[in-house]
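I have placed the structure first, in the form of structure tokens, so that the comments after it can refer back to it.
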Amino acid sequence: MNAAVEKSVSPDGISKMLSIPKPDSFTHLPEIILQVTNLEPKGKSYGFDASDGKMKIKAIFSSRLSSEILSGNIQNLCLIRVLDYTVNEIPSKSEKFLIITKCEVVSPALEKEIKEVVEQEESDMGMPLKKPKLENEVKSENIKEAKGLILKPKQEIVAKSAAQIVHEQHGNMAPAARMAMTRRVHPLVSLNPYQGNWTIKVRVTSKGNMRTYRNARGEGCVFNVELTDGDGTQIQATMFNEAAKKFYDRFELGKVYYISKGTLRVANKQFKTVQNDYEMTLNENSEVEEASDEAACIPETKFKFVPIDQLGPYVNSKDLVDVIGIVQSVSPTTSIRRKSNNETVPKRDIVVADETKKTVVVSLWNELATSVGQELHDIADKSPVVAIKSLKVGDFQGISLSTLGKSIVQVNPVIAESEKLRNWYDSEGKETSMASVGSGLSPSTKSGARSMYSDRVSLSHITSNPSLGEDKPAFFSIRAYISFIKPDQTMWYRACKTCNKKVTDALGGGYWCEGCQKNDAECSLRYIMVVKVSDGSGEGWVSAFNEEAEKIIGCSADELDLLKSQIEENTYQQRLKEATWNPHLLRISVSQNEYNNEKRQRMTVRAVAPVDFAAESRFLLEEISKMKGSQ
């Protein structure tokens, strides 16, 4: 097609299509030219908004046209002639959408979306004038008045690198708006592996740590960043070896950059961290230039906070969570030795609370432990607000949180949620009694997947299925009695008062903590015990740790040790006896342990709650209703 030939969208083109929703081979179709806007992947196909300058309709290309999009023939903001289509209706939304089954491109991507702007101007006769024009008006003496909207495609497209764009911008003082309107900057949604030169403008919303690896080809290093453009679309970019060394210091979290000369490939679903079908690789020849004057064009880091009391359903899942809370305490930095490579990594635990009056332990790892962690340690007495993005939810001590390489920690962030939390804490929160979310699970259905009434089973369901927990721990809820506690078992261990790890006798007196690397004059006792539980279907042995065991026994390990050391041993035996044959609601994890080359089922108590007989009765009535309904 000659670039000088003028093409236009068809006025009322969408109205004509709506009047003939399902044309057949005998239907005479007028020429309909539409503009493709907001092009984005939709499963195996691509969706877009079809525009005729006046109206828009949600549309999707047939999967047979996907190759045209991947090849770059059909692009966002291009003009297409519709040759075959179907208009369907979405019953649930009372909306119509368009399916394009056959089309041809009549113009490559234009500089901007075509819109018809009606300006009400009073003429001498008092009549309004209608003036069609572009959002960024194209002024040319060669464009003549017409009924339709006329637009000239660009005469030539010159691909420029990121460095050239930045140099040109600073040279002629072009405003950010003008840069955003050029085709040289591509939206992330329009990129695909088959494109040639492109330039993107993105903000670094997550930056991973530099990691080393070793494989058959030798050793190397790698790190990745998550990038977000002005539309909020994200993509992960990875750099290896020389590129990693070149760009690691250049990429700074929160800054905006022009990037060009990268490559794309289909994302590995197992490892991808953002919603994008592709992932980007930058090599040592890629160009990255900071766009310092255009930071306002790209959105900042966005959080989707999960209240602390609603973390239960995320335990051991692949989903990451964002949390905001008031810092209650900050531990010293400890060193943890990795089993994989015997390296030591710094770790620091902080306890945060929110308006749900629940607390949770957050483990900061690596640089976060020594940088932001130290900052929090220094101002812990001021109870700062901390917002953390991308946390892994684990089941240590019931529920716990851990940072990853991509996690972002902000101290006293300037956001509405932070101000609201601060006002609550200053007015009432600091005087409120807080409880750990792991040990204080309420037996209510609001706790989602971790409710004491969800996944309710009998003990025989667990003990009669030896394969339970083979691949990953399985979680169940039971109502059972503590039927027996061995009085002669080792029921506790000596623990560091700072990190709760096991301590040993130190030379010269006191106790040595390997985790904290220090001597302490005192230590505490923490439960680690097994008890037998029974219900109407059977019995089984379960392990219980400190917080859960305290609820079962009714006192701390230090108190029980004091009773045991008394001359009258009956006091100790009596306390254990009083702890038996009391009903409890128990949240149980089931896993497989190998002992002497034999797999054994292990049940661990993750949460304990007293039986609320009113709630239990309602639960049983609901179960009876379900049984009647299924008959």
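The values are calculated or read from the model by the stated rules, or taken from the named source; none is laboratory data. Predicted model, so just to flag it, every value in this text is computed and none were measured. Because the Cβ atoms are built from the backbone with ideal geometry, glycine has one as well, and the counts that use them run over all protein chains shown. When the accessible area is computed, the model is the full protein with side chains, heavy atoms only, and any ligands, DNA or RNA have been set aside. Shrake-Rupley method; radii C 1.70, N 1.55, O 1.52, S 1.80 Å.
Within region 611-626, the set of residues being open to solvent by 100 Å² or more (accessible area, probe 1.4 Å) and either modelled with pLDDT of 85 or more or β-branched (Val, Ile, Thr) (or both) comprises 613, 621. Restricting the search to strands (runs of 3 or more DSSP E) fully inside region 203-251 and requiring at least 1 residues that are under 19 Å from residue 261 (Cα atoms) and either touching a helix residue (DSSP H, G or I) at 6+ places or on another chain (Cβ under 7 Å) or assigned by the TED database to the domain that holds residue 273 (or both) gives 218-228, 234-240. Note on region 393-433: residues that are among the hydroxyl-bearing types (Ser, Thr, Tyr) and surrounded by fewer than 15 Cβ atoms within 10 Å (Cβ to Cβ) total 3. Listed by first and then second residue, the pairs with beta-carbon distance under 9 Å, at least 6 apart or on different chains, first residue in region 463-484 and touching a residue at least 40 places away in the same chain (Cβ under 8 Å), second assigned to a loop (DSSP other than H, G, I, E, B) and open to solvent by 80 Å² or more (accessible area, probe 1.4 Å), are 481/581; 482/581; 483/581. Identify the residue in region 558-577 that is touching a residue at least 60 places away in the same chain (Cβ under 8 Å) and touching a helix residue (DSSP H, G or I) at 6+ places or on another chain (Cβ under 7 Å) and, among all such residues, is surrounded by the fewest Cβ atoms within 10 Å (Cβ to Cβ). Only one residue tops the list, namely 572.
To keep it simple, each residue is scored yes or no on (1) closer than 21 Å to residue 600 by Cα; (2) assigned by the TED database to the domain that holds residue 377; (3) touching a helix residue (DSSP H, G or I) at 6+ places or on another chain (Cβ under 8 Å); (4) small (Gly, Ala, Ser).
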residue	(1), (2), (3), (4)
467	yes, no, no, yes
475	yes, no, yes, no
483	no, no, no, yes
503	no, no, no, no
508	no, no, no, yes
513	no, no, no, no
516	no, no, no, no
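Being farther than 17 Å from residue 549 by Cβ and open to solvent by less than 90 Å² (accessible area, probe 1.4 Å) is the filter here, so list the residues in region 480-507 that pass it. Within region 480-507, 496, 498, 499, 501, 503, 504, 506 qualify. Considering only region 322-354, state which residues are under 30 Å from residue 416 (Cβ atoms) and surrounded by fewer than 19 Cβ atoms within 10 Å (Cβ to Cβ). 322, 328, 329, 351 - these are the residues of region 322-354 that are under 30 Å from residue 416 (Cβ atoms) and surrounded by fewer than 19 Cβ atoms within 10 Å (Cβ to Cβ). The single condition among (1) buried (at least 17 other Cβ atoms within 10 Å of the Cβ); (2) under 16 Å from residue 456 (Cβ atoms); (3) modelled with pLDDT under 90 that residue 584 does not satisfy is (3). Restricting the search to region 47-67, which residues are farther than 14 Å from residue 9 by Cβ and without any contact (Cβ under 8 Å) to a residue 24 or more places away in the chain? Passing the criteria: 47, 63, 66, 67. Of the set (1) closer than 30 Å to residue 524 by Cβ; (2) at pLDDT below 90; (3) touching a Pro at 6+ places or on another chain (Cβ under 9 Å), all apply to residue 480 but (2).
In region 256-281, of all residues being assigned to a loop (DSSP other than H, G, I, E, B) and of a type in the set (Val, Ile, Thr), the one that is least open to solvent (accessible area, probe 1.4 Å) corresponds to 274. Flag: residue 376 does not match the condition of being in contact (Cβ under 8 Å) with a residue 24 or more places away in the chain, open to solvent by less than 40 Å² (accessible area, probe 1.4 Å) and either assigned by the TED database to the domain that holds residue 589 or in a strand (DSSP E or B) (or both).
Taken together, the residues in region 282-296 that are modelled with pLDDT under 90 and open to solvent by less than 60 Å² (accessible area, probe 1.4 Å) amount to 3.
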